Amino acid sequence: MMRILILLLLLIANVGSFGQQYSFIQYSLKEGLPQSQVRSIFQDSRGYLWIGTLGGVAKFNGSTFINYDRSSGLINNQINTIIQNKKGQIIVGSIGGISIHKHNKFHNHLLFGNLKDVSVTCLYEVSENQILVGTEKGLVRFNGDTLFQDNNTLFFDNEFIRSISKDESNILYVLTKTKLYKQDAESGQWIE
């Protein structure tokens, strides 16, 4: 009887030790990542992963990395945010502006005035050729050619913009470091 009890206890103890195990593949500089501090990850419409790091951006196909940095045409190696616009172009935000990947090259659009050395913190495509660019010191609009501020974006002057999004009713929201604003659909004014 004692043997059966000991055998049963051993069997119960071993069952608990066969828990679910996960397998992860770790990617680092050794595998081709440009830098180990990742700031942003985005999957494009073709399935590629774009990884924004403090050493540039990497395009990953599941097995190899293609790395881009200042020598590849980026404004800055610190990539904070990544989106893909309706045209299929990858846009990355960094310190000093945005870089658009088209025709296998990056085309830069620099911030201006008191924004010229600040970080782009988020990007949101409102419509084709209309992207809102959130920064550490305000909101800027990009029309496909130029970064600029207008009455609508100047509302956020010197605000740290964390995130921009729309809900299912197409109401635009801007989250700053201290408040959440929504845009009134009729007047276009920002409401706390």
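The values are calculated or read from the model by the stated rules, or taken from the named source; none is laboratory data. Computed from a predicted structure; not experimentally measured. Heads up, the Cβs are rebuilt from the backbone with ideal geometry, glycines too, and the neighbour counts pull from every protein chain shown. With ligands, DNA and RNA removed, areas are computed over all heavy atoms of the protein, side chains included. Shrake-Rupley method; radii C 1.70, N 1.55, O 1.52, S 1.80 Å.
Data table
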| item | result |
| --- | --- |
| Unique residue being at pLDDT 95 or above, within 21 Å of T135 (Cα to Cα) and touching an Asp or Glu at 6+ places or on another chain (Cβ under 8 Å) when the list is I83, I51, I91, I100 | I83 |
| Every residue from region 137-192 that is basic (K, R) and open to solvent by less than 50 Å² (accessible area, probe 1.4 Å) | R141 |
| Residue in region 101-120 that is within 21 Å of S36 (Cα to Cα) and assigned to a strand (DSSP E or B) present | yes |
| Meets criteria (open to solvent by less than 40 Å² (accessible area, probe 1.4 Å) and closer than 17 Å to T146 by Cα) for I82 | no |
| Considering residues of region 54-79 that are of a type in the set (G, A, S) and assigned to a loop (DSSP other than H, G, I, E, B) only, the residue most open to solvent (accessible area, probe 1.4 Å) | S63 |
| Selected residue (criterion: farthest from F42 (Cα to Cα)) from residues of region 88-99 that are open to solvent by 10 Å² or more (accessible area, probe 1.4 Å) and in contact with a strand residue (DSSP E or B) (Cβ under 8 Å, 6 or more places away or on another chain) | I95 |
| Residue within region 124-138 that is assigned to a loop (DSSP other than H, G, I, E, B) and at pLDDT 95 or above present | yes |
